[in-house]
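Since every read-out is calculated from the coordinates, none of them should be taken as a lab result. Bear in mind the structure is a predicted one, so any value in this text is a computation, not a measurement. Here the Cβ positions follow ideal geometry from the backbone for every residue, glycine too, while neighbour counts run over all protein chains shown.
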Amino acid sequence: MAKVELNKICKSFGKARVVTDVDLSLEKGEFVVFVGPSGCGKSTLLRMIAGLEDITSGKLRIGGEDMTEALPAARGVSMVFQSYALYPHMTVRENMSFGLEQAKLARSEIAARVEDAARMLKIGDLLERKPRALSGGQRQRVAIGRAITRKPRVFLFDEPLSNLDAALRGETRVEIARLHARLAGTTMIYVTHDQVEAMTLADRIVVLNGGHVEQVGTPLDLYERPASRFVAGFIGSPR
Ligand code: ADP
Ligand code: MG
């Protein structure tokens, strides 16, 4: 069970409180999109779920297990970043294998997982290249492929498409939707400031504002019944 539960999650950097009392319960296999203005705490929330940032107070559970203080590798979570975060000196295959080697998986298992992920993302012909020989779109597919090889229970995406041009953004968005369908049962949490991405990908949207949750609902809920002027302004139904 990869239900993700956030209970009164807070984050402070020194005296600055940037996330306040976030309560969320995400179902196994759900596609949840976090939206909100720049600086509202979206990345900080993802990083706390991934274990890349300490949780100041509150509780995080994944699959019913307390993960508030667990090491990143123990959480069953993979994150895809806007900047791809590939190792420049490694080939695509090495980039995709590295984490699995660290986790001491058998060679044959690593090779099989890389082949599977490469097929899924259509990057099989790029495996021996270095990242600098790839386009932005290809790099992002490699980053997503690498995340898949870890077989995470929870996938975190932090504005994965915002460095791509409009055509590639559309294409990769469709690819991510397809991926979610194929990896049935994998919970996905996706940060974007793009309305179209939010409305088309999300089972539910979480609207964040100044570090707190402003509203949670299906795209239709938010469109038809925005709880505040702020949400209406973000999701775009005039009222
Ligand atoms: P978003 O992803 O929604 O744009 P972030 O989560 O990156 O927002 O940032 C939320 C707030 O926390 C911002 O005000 C940002 O300046 C602040 N912040 C983020 N990381 C740090 C840090 N390491 N130290 C201090 N302040 C930070
Ligand atoms: Mg961010």
Okay, helix-only estimate at 222 nm for the chain: each DSSP H run of n ≥ 4 adds -39500 (n - 2.57), divide by all residues, round to 500 deg cm²/dmol; what do you get?
-11000 deg cm²/dmol
Given a cut-off of 21 Å, name the pairs among Lys59/Lys151; Lys11/Lys42; Lys3/Lys42; Lys3/Lys151 whose C-alpha atoms lie farther apart than that in the structure shown.
Lys59/Lys151
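Based on the Cα coordinates of the chain, what is the per residue volume of their convex hull in Å³?
On the way: hull volume 30.0 nm³, N = 239.
Given the Cα convex hull of the chain, per-residue volume reads 125 Å³.
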Which value, in debye to the nearest 20, gives the size of the charge dipole of the range 26-84 about its Cα centre, when Lys and Arg are +1 and Asp and Glu are -1 at the Cβ?
120 debye
Among the DSSP beta bridges whose two residues both lie in the chain, what percent are antiparallel, rounded to the nearest 5?
50 percent
For Ala184 and Asp165 in one chain, what is 0.36 nm times their gap in residues minus the Cα-Cα distance, to one decimal in nm?
4.0 nm
If each of Arg119 and Lys151 carries a label point 7 Å out from its Cα toward its Cβ, how far apart are those two points in nm?
1.5 nm
Cα pair distances of the range 10-72 binned at 10 Å [whole percent]:
19, 55, 24, 1
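Pop the C-beta distance of Glu53 and Val196 into the FRET formula with R0 = 25 Å and round what comes out to the nearest 0.05. Show your work: numbers first, answer last.
Working: r = 29 Å, r/R0 = 1.14.
So the FRET efficiency works out to roughly 0.30.
So how strong a dipole does the range 85-239 carry about its Cα centre when Lys and Arg Cβ are +1 and Asp and Glu Cβ are -1, to the nearest 20 debye? Present the calculation step by step, with values, prior to reporting the outcome.
On the way: 23 positive and 18 negative charges, 77 e Å.
Using only the charged Cβ atoms, the result is roughly 380 debye.
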Cα-centre dipole for the range 1-136 with unit charges at Cβ (Lys and Arg positive, Asp and Glu negative), debye to 20
320 debye
Counting other Cβ atoms within 10 Å of each Cβ, which trypsin sites (Lys or Arg not before Pro) in the range 1-66 have at most 13 and sit in a DSSP loop?
Lys15
What aspartates and glutamates could a cross-link reach from Lys122, if we take a straight Cα to Cα line under 14 Å and drop same-chain neighbours fewer than 8 places away?
Glu171, Glu175
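Can you give me the Rg/Rh ratio for the range 120-227, using Cα atoms for both radii and the Kirkwood formula for Rh?
Working: Rg = 15.3 Å, Rh = 15.3 Å.
Result for the range 120-227 is an Rg/Rh of 1.00.
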Contour minus Cα-Cα distance for Phe98 and Arg61 (0.36 nm per residue):
10.6 nm
